[in-house]
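Heads up: the structure comes next, in structure tokens.
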Amino acid sequence: MPTQPITKNKNFNARQVKRIFVRRLGIVIWVSFLVAAVQSMVFFALFDPVYLWQLSSWHIDISYWQGYAMGFACFWAFLFAAGYVIGIVMALPRAQLAKRIGTK
Amino acid sequence: MSTQERETIELNLYQAHKKIYPREVKGRFQFKRKLAVVVLLGLFYLVPWLQMGGEQAILFDLPNRRFHILGLILWPQDFIFLALLLIIAAFSLFFFTALAGRLWCGYACPQTVWTEVFIWMEQLTEGGRNQRMKLDQAPWTWNKFRKKTSKQILWVTFALWTGFTFVGFFTPIRELANHIWIWQLGPWEMFWLFFYSFATYGNAGFLREQVCLYMCPYARFQSAMFDKDSLIISYDEQRGEPRMRGKKRRTENNPGDCIDCTLCVQVCPTGIDIRDGLQYECIACAACIDACDEVMEKSGMPKGLIRYTTEHSLSGKPSRILRPRVILYALVLFGLITGFVTAFMMRSPISINVLHDRNTFYRMVDSNTIENVYTLKIMNKGRETAQYQLSASGLPELSVVTDVDSDMLQAEPGQLISVPIKIRAPKKIANQRIHNILLSVMSGQHKNSEEVKYFGYKK
């Protein structure tokens, strides 16, 4: 589990730790979904996905639906990645935390 | 907060979810909520079927990048209106929250509205709160199977219909119905239909109050809009306490008005006890008000032990409606709405953009006349193919000349055309370094103008 709960309580059992992880994962998925929705709306109101793909390095012809869907999926994936990494980095390493508590 | 307390709170946060069985309740606020459900869902399910002038009245046609709204067509260039509309929606939310608390959550939020319907279906098939609790604990029998199956059938049908209607806002709903009838759905129609159905089913059938507690961003920041004069649902602690019931109530002298029947807890869709004070879980659905009012009436005490009130009036201070924050929100909202309406009224079906030639300021046409060269871009935001006439004003004897055929000055709905144009003027009149002139594009009775720079003949 990359994002273990920061808490002085050492009595979390494996099931609870798993639940905490799943809940945090759910939060990251949900928030990135919301933001990706808003981002797609603004982005595709300003830029035409079909035209963008023709301009891209691959010169691909796609339909509007494919363009919107790929854009949304990309936004979601990248926002999820950002949130996930932020989650890992924000959860301080256990060793450091333990030292702090010990030297009170 | 002691460590012990913090540990219990953390544990509570990560506990497995216990299902909440809200008790059915009737009353004046529940009547209003049901009315809101009927009106809002009625609008949602009926609006895509409205026709106007042979086409769907409200259709967000994403593949063709145009929105049809009651006979109007909005193009991506009109995105500013959508953005303004969203900002207006956000500020109305702030305004009404500051004024009257979580009205949105209790009455209008889709999560609340669909959950109401799903709970109603649950009651229809499985019975009231106690019956539902018994049924869930009982072993699987034929009767339980029958009840659960009929509930699922109702839920799934309703969810699928919801998904279908949702897709009907983005693709013509009559064609969609036809596609479903012959079972030839496109991949995207199929995906969105089932995705939205699944979302409705999951959110309204299973997640319910958890969406409000854990997923909703508004629930987390709404307290920022609150002050002590905002309308909240609250239990009158001074009047209700000490709460007691039954025998104790009869023997004790001076009991509080709360008879501790716990009905307010049983009806709560988020499973909180309103008597513990204001909590972020409270979605202000007013179910506890209706439940408590009924009990108060039966036990011969005045209504309103739980009521809509403000923190100030609870503590005996006067409540004000007009506060700086309310006035500020109202002013911003008023400004935005005025701006939106004005901009929308002034919206022209001709959108123009003029670029001056970068290489030369002006050219000599003959010994008396000069010309400036521009690239004119016109987008037809109207509903019909349009033919454009050009004219220029701001200086006497200006003339607009194009070398292109007149059918190059014609645009289909949504088409963007780009035309090189020249504006000619007598040398003697255009004798300043820069003149500001007005270029007008006309089509029928529609007209749009843009101010452009004109470089004159000056030695």
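Things worth noting here:
- C-alpha center-to-center spacing [the range B:218-244, the range B:273-320] in angstrom: 8
- Angle in degrees between helix B:324-345 and the longest Cα principal axis of chain B, rounded to the nearest 10: 40
- Crossing angle, helix B:28-46 versus chain B [Cα axis fit, 0-90 degrees, rounded to tens]: 40
- In percent, rounded to a whole number, the relative contact order of the range A:14-102 is 34, using alpha-carbon pairs under 8 Å and six or more apart.
- 15 Å cut-off, amide nitrogen to a point 7 angstrom out along residue B:18 Cα→Cβ, residues in the range B:272-302: B:272-274
- Per-pair calculated FRET efficiency, R0 = 41 Å: residue B:301 and residue B:327 via Cβ, rounded to 0.05: 0.60
- Surface accessible to a 1.4 Å probe, residue B:134 within the full protein complex, Å²: 150
- Solvent-accessible surface (1.4 angstrom probe) belonging to residue B:118, in square angstrom, nearest 10: 0
- Pairwise label distance in nanometres, residue A:35 with residue B:69, each label 7 Å out on the Cα-Cβ vector: 2.8
- A simple spin-label model places pseudo-atoms 7 Å from Cα toward Cβ; at residue B:180 and residue B:404 they are separated by 4.5 nm.
- Shape call, the range B:14-347: gyration tensor on alpha carbons, a/c limit 1.5: oblate
- Panel note: contact residues of the range B:172-221 (accessible area lowered by at least 40 Å² against the chain on its own; 1.4 Å probe) correspond to B:188, B:215.
- Relative to the dominant Cα principal axis of chain B, helix B:287-298 is inclined by about 40°.
- Mean-position separation - Cα centroids, the range B:48-68 and the range B:71-135, in angstrom: 23
- Computed FRET value (nearest 0.05) for residue A:59 with residue B:77, which takes r as the C-beta separation and R₀ as 30 Å: 0.70
- Applying 0.36 nm per residue to the separation of residue B:89 and residue B:389 and subtracting their alpha-carbon distance, the gain on full extension is 104.1 nm.
- For chain B: relative contact order, % (alpha-carbon pairs under 8 angstrom, 6 or more apart): 14
- With a Cα cut-off of under 28 Å and a minimum spacing of 8 residues unless on different chains, the lysine pairs in the range B:350-455 number 11.
- A Förster radius of 56 Å combined with the Cβ-Cβ distance from residue B:429 to residue B:169 puts the calculated FRET efficiency at roughly 0.50.
- Relative contact order, percent, the range B:350-455 [alpha-carbon distance under 8 Å, six or more residues apart]: 32
- Reach of residue B:134 by Cα under 19 Å, taken over aspartates and glutamates that are not fewer than 8 positions away in the same chain: B:24, B:122, B:126
- Over the protein assembly as shown: helical MRE at 222 nm, DSSP H runs n ≥ 4 each giving -39500 (n - 2.57), nearest 500: -15000 deg cm²/dmol
The values are calculated or read from the model by the stated rules, or taken from the named source; none is laboratory data. If you're wondering where the values come from, they're calculated on a predicted model, not measured in any experiment. Positions of Cβ are generated from backbone atoms using ideal geometry, with glycine treated the same way; all protein chains shown enter the neighbour counts. What goes into the accessible areas is simple: the full protein's heavy atoms, side chains included, and nothing from ligands, DNA or RNA. Shrake-Rupley method; radii C 1.70, N 1.55, O 1.52, S 1.80 Å.
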